[in-house]
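Trainee: Input: one structure, supplied below.
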Amino acid sequence: MSCRSAVALPLKMAAQRRSLMQSHQSWTDDLPLCQLCGVGSAPNCTYGPDGKGTLSHPNEDGHFRFSTDCCFLYGVFNGYDGSRVASFVSQCLTAELLLGQLSTGHTDADVRRILLQAFDVVEKSYFETIDDALAEKANLQTQLPETQKMAERLKALEQEVSGGATAIVALILNNKLYIANVGTNRALLCKTTTDGQNQVIQIGRAHTTDNDDELTRLSQLGLDPVRLRQTGLISGQSSTRRIGDYKVKFSYTDIDVLSAAKHKPIISEPEIHGGQSLEGVTGFLLLMSEGLIKALESAHGPEQVNQEIVAMVAAELAQQGTLEAAAQSVVERVKRLHHDVYVSGRQRALQCSRHEDMTLLIRVINYPLVDGSLTPTQGGRIYPVSVPYSNHQSTSKTSVTLSLVMPAQGTLTNGSNTASTLEGDTPTAGQSPTATLQSTNTHTQSSSSHTHTQSSSSHTHTQSSSSSSGDGSLFRRSGSQLAQPDETGRVPPYVDFSQFYRLWGMDHSEGELGPQ
C-alpha cells in the first residue's frame, strides 16, 4: 500500500464516521445487546413548593450495552448543556472498540492502550464535527454592527457547540474486567461471599477537586490546589476530566481559576483500572451516572451510598422478573427517596430541591436470577419489610430493609442479601405490614480487601455489608402451621390475647378487658 493510500484510508473512515454521527441513524442499532444486563433511568426534576416536579431540560444521559464474539462492552454517560456529546460518544466509542480492535490475544497493557486511544480519537472526532460551527461563530463575532439576526444566529451556534459529557465504561474480555473512567460517574463491583454477604468494591474515584490525585496533577501544571478545592465547580461542572466542552479545552486561559495552567488542565484521558479477574466471582457490576449518586447523597448523605445502592439492587433482583425491571425499580426507589426527603421539611430537604438525570446499569456475573416473582431457592412471593433509614453514621448499626419470603409450602425464612435503607416505604397490595428490623453493617478497609491495579493513580475502595437472617418464627402458628396472606398480601391476625386479658382483669379486679 502506498503512503498516499495509507493516509487516505483513515481520513476516509473519519469522514464516514462524521457523516454517520451527524445523521439521524445509529449504526449501533445493529449491534447485539447484552442479555446479562439491564438499564433503568429517570429524567431530571425540579420540585415546586407543592412538591410537584417539573422537567428542567431534556434527558442528557446516555448508555450502551453490547456483546460480541470476544467481549462485552458497557457504558454510562452523563451529558450536560445538551445531550449532543453524550450521544456522540456512546456511538463513536463503540466504533473505536468493536470493529476488530479487541481480541482475546490482547494483554492487559494492550487493552489499556486501546481504551486510551479510543477516548482520544472520540474527542478529536467530536471537535471535528463542530469545526464549521466554531468557524462561523468566530466570523460573525468579528462583524459589526451586530444585528438581531446575527445575535440569534450566534446564540444558535453557541448551543450547537456547547456541552460535554463524563463517561464510565466497562469492558469484559477474557473474563477480566476493565473500567475506564472520565469524570464523576461510578462503577461498583459487588461480590457475593461464601457466607452469603455482599462485598462492595468501588472501582476508582470521581475526578473532582476533592480528589487529591487530580489536585496533584493540576498543581503540576501550575494551578493553585487550595484555590481549586475552594472553587469546586469549574465552568459550572465539578469534573476535572470531561469529554467535549470546547470552552475549557481551548479557552482555559480565559477562565480565571485555570488561566495559569502551562498545558490543557481539563482532559478527556480516562483512568484505566484492570484487568481484574472475574474467575469464580458471583455478583453484579453497577455503572451509575452522577445524577443517581448525587440524588441519594442529597437524601441520605454520602457515607452509605454504595451499600444502599447494592442493597436495593439485591432486593430488586430477588423479586423482579427481568434485569430491566430491577434496574428501573432501583432508580424509582432513589427518585422516591429523594422526593420524600424534600417534602418532609427535615434538615436535608433544602439539598433535595432538584435532581439531575439518573441512569443505572446492572450487569450480573454468575448471579442466580428469579423466575418471575419466585426466589431462586424457595419459590413464593417476596414481601418487603420497610424500615426507616438511620443517618447516625457514627455507629456501626444501620436500619435496613429485609425481604421476607412467604413460600407456598415449607418453613418461612428471611430472604438473603436483600438489605436496603429505604425511608418511609409504604406497603402496597401484596406486601406485608411495616415492621422495624436492625442489621449490623461491617466496614473493612484492610489492605487485603483493596483491589490493586497497574495504574499508579487508581483507587479501589472495599466495603462489606452484612444482612440478618431468621427462622421465620414471626409468622409461625401453633403446631408449626404457617399463616397465609389474604388477597391483599397481608398476613391475618393469628395471636389470641383473650386469655391474657382475662387473667389481667382477674388480677386487677376489672373483669375481662379487651384492647383499648
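The values are calculated or read from the model by the stated rules, or taken from the named source; none is laboratory data. Note that the structure is a prediction, hence the values are computed from the model and not measured. A quick note on method: Cβ atoms are made from the backbone with ideal geometry, for glycine too, and the neighbour counts reach across all protein chains shown. Heavy atoms of the whole protein, side chains included, go into the accessibility calculation; ligands, DNA and RNA do not. Shrake-Rupley method; radii C 1.70, N 1.55, O 1.52, S 1.80 Å.
Trainee: Which of the lysines could be linked to LYS124 by a straight reach, that is with a Cα gap under 29 Å, when you skip same-chain ones fewer than 8 residues away?
Mentor: Cα-Cα hits under 29 Å: LYS12, LYS137, LYS155, LYS176, LYS247, LYS249, LYS262, LYS264.
Trainee: With the calculation restricted to Cα positions, what are the radius of gyration and Dmax of region 137-292 in angstrom?
Mentor: That works out to 20.3, 75 Å for Rg and Dmax.
Trainee: Can you bin region 212-344 into rounded, prolate or oblate? Criterion: square roots of the alpha carbon gyration tensor eigenvalues sorted a ≥ b ≥ c, rounded for a/c under 1.5, prolate for a/b above b/c, oblate for the rest.
Mentor: prolate
Trainee: Return the Rg/Rh ratio of region 230-304 with Cα-based radii and a Kirkwood Rh.
Mentor: Reported Rg/Rh, Kirkwood definition of Rh: 1.10.
Trainee: Additional query: Looking at region 75-228, what % of the alpha carbon pairs are farther apart than 27 Å?
Mentor: The share of Cα pairs beyond 27 Å in region 75-228 comes to 45 percent.
Trainee: Right, another one. Leaving out ligands and nucleic acids, and using a 1.4 Å probe, what accessible area per residue does region 70-142 come to in Å²?
Mentor: 39 Å²
Trainee: Based on the alpha carbon coordinates of region 159-235, what radius of gyration and maximum Cα-Cα distance (Dmax) apply, in Å?
Mentor: Cα only, region 159-235: 17.0, 54 Å (Rg, Dmax).
Trainee: Can you pull out the trypsin sites (Lys or Arg not before Pro) in region 251-340 whose DSSP state is coil and whose Cβ has at most 12 other Cβ atoms within 10 Å?
Mentor: Filter output for region 251-340: LYS262.
Trainee: Moving to a separate point now. On the full set of protein chains, 1.4 Å probe, figure out the accessible area of VAL341 and give it in Å² to the nearest 10.
Mentor: Here the accessible area works out near 0 Å².
Trainee: Next up: Compute log10 of I(q)/I(0) for region 207-269 with the Debye formula, placing one identical point scatterer on every Cα and leaving out solvent, at q = 0.21, 0.29 Å⁻¹, to two decimals.
Mentor: Values returned for q = 0.21, 0.29 Å⁻¹ are -0.74, -1.61.
Trainee: Cross-link candidates for LYS335: which lysines have Cα within less than 18 Å, leaving aside residues fewer than 8 places away along the same chain?
Mentor: LYS52, LYS294
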